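The values are calculated or read from the model by the stated rules, or taken from the named source; none is laboratory data. Keep in mind the model is a prediction, meaning the values are calculated, not measured. Cβ sites come from the backbone with ideal geometry, for glycine too, and all protein chains shown count toward neighbours.
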Amino acid sequence: MNLRPLLSIALLATVTLTASAQKLRLNAFGGYTFQDRFPIGGTYAGYSYSEGRVAASAHFGGSLEFEVRRNVAVELLYQAQPTDGYIGTTFREYGPLNVTANYIMLGGLHYAPFSPLVHGYGGFNIGAGFLTGDATATKFAWGGKLGLLLNASEKVGIKIGAQLLSPVQGAGGGFYFGTGGAGVGVSTYSSIYQFAFTGGLCFTFDKGATTTTPTR
């Protein structure tokens, strides 16, 4: 899987947004993503594949936020979820298969100040979801989030919230789980919906702040 175009776009977005942002926020987070089942279609050696499953597991990642105007920011996010995949057939389920669900997303965030210490936030992201394992595939992905930012100080806060990430499938392909020794891949044709709770630290850097040098 060639990630160079995605990384180039992410780097270009970072440079452009950094130059125009009023504030920068650095988020480091982790959380728990719940299991998702999805229908699949295909046959191998006379067996019909009927269902795929991505197991529940922890996730981790980080993001940069660029405040373009007061309480409105653009977010560049990366998330990884090491987990297990399963394939259900006519008579049995194959697995566990070691897989990692990764996301590179770009989107918008809106903050709602409830008080100086508590801000609500919500946002929508689009980007790419890709799964690595015995085989790999990359798909367009979208996501949404809601949560709270609890400000411990002007520079440090705690974020807690919920999110949904979904790689969109199509007739041309999908995520692939390898069946180990059989060496076969199964294509899905419906979206995977990954719901999660997440939390972490938020560090704010105010680009508007200046240091005044005293004069004699």
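Worth a mention:
- Strands (runs of 3 or more DSSP E) lying entirely in the stretch 125-216 (those with 2 or more residues that are surrounded by fewer than 20 Cβ atoms within 10 Å (Cβ to Cβ), at pLDDT 95 or above and not β-branched (Val, Ile, Thr)): 137-151, 156-167, 194-206
- Considering only residues in the stretch 45-74 that are in a strand (DSSP E or B) and aliphatic (A, V, I, L, M), the one that is farthest from Ala196 (Cα to Cα) turns out to be Val68.
- Residues in the stretch 75-99 that are in a strand (DSSP E or B) and at pLDDT below 90: Gly85, Tyr86, Ile87, Gly88, Glu93, Tyr94, Gly95, Pro96, Leu97, Asn98, Val99.
- Answer from Leu109, Leu77, Leu97 - the residue that is over 22 Å from Lys159 (Cβ atoms) and either free of Cβ contacts under 8 Å to residues at least 24 places away in the same chain or among the hydrophobic types (A, V, I, L, M, F, W, C) (or both): Leu97
- Looking only at the stretch 79-101, and only at residues there that are touching a Ser or Thr at 6+ places or on another chain (Cβ under 7 Å) and of a type outside the set (A, V, I, L, M, F, W, C), the one that is nearest to Gly61 (Cα to Cα): Gln81
- Residue within the stretch 112-119 that is surrounded by fewer than 20 Cβ atoms within 10 Å (Cβ to Cβ), among the β-branched types (Val, Ile, Thr), closer than 23 Å to Ala162 by Cα and in contact with a strand residue (DSSP E or B) (Cβ under 9 Å, 6 or more places away or on another chain) present: yes
- In this entry, Thr138 passes the filter for residues that are in contact (Cβ under 8 Å) with a residue 24 or more places away in the chain and under 15 Å from Leu165 (Cβ atoms).
- Qualifying residue in the stretch 26-36 (condition: part of a strand (DSSP E or B) and at pLDDT below 90): no
- Extreme residue, nearest to Ser48 (Cα to Cα), among residues of the stretch 97-111 that are surrounded by 14 or more Cβ atoms within 10 Å (Cβ to Cβ) and not hydrophobic (A, V, I, L, M, F, W, C): Asn98
- Which numbered condition Val72 fails, given (1) modelled with pLDDT under 90; (2) in contact with a Gly (Cβ under 8 Å, 6 or more places away or on another chain): (1)
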